[in-house]
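Structure record follows, encoded as structure tokens.
Derivation of every value follows stated rules applied to the coordinates shown; laboratory data play no part. None of the values given here were measured: they were computed from a predicted structure. Note: ideal-geometry Cβ built from the backbone for every residue, glycine included; neighbour counts use all protein chains shown.
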Amino acid sequence: LTGILGYDTVRVGNIDITHQEFGLSITEPGNFLYYAKFDGIVGLGYPNYAVSGATAVFDNMMNQG
């Protein structure tokens with residue numbers, strides 16, 4: 001898997017999470033994502049698994065109130 005990091009505002013229900021960092025894949029191993037019925041995966045992992053110190057969406061929701 002290769003990719004880059006990007007930022008955007010993410011909305012979950014009526015909550016906006018500003019400046020959310022997330023990974024954008026450039027290449028994926030195999031073709032399983034090609035046939036998937038979704039566009040991506042939102043990280044719900046623990047902070048120690050974050051890439052480049054990124055904060056998970058729901059952690060940012062709590063941090064931003």
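The calculated FRET efficiency for the pair THR2 and PHE58, based on their C-beta separation and a Förster distance of 25 Å, comes to about 0.45. Seen from a random direction on average, the alpha-carbon convex hull of the chain projects onto 5.1 square nanometres. Report the net charge of residues surrounding ILE4, where surrounding means a beta-carbon distance below 15 angstrom and charges are Lys +1, Arg +1, Asp -1, Glu -1. Once all neighbours under 15 Å are counted, the net charge is -3. Extension gain for SER25 to ALA50 (0.36 nm times residue separation, less C-alpha to C-alpha distance): 7.5 nm. Each Cα pair under 8 Å and six or more residues apart adds its separation to the average, and for the stretch 7-65 the resulting relative contact order is 32 percent.
What you get for the chain, charging only the Cβ of Lys and Arg (+1) and of Asp and Glu (-1), is a dipole of about 120 debye around the Cα centre.
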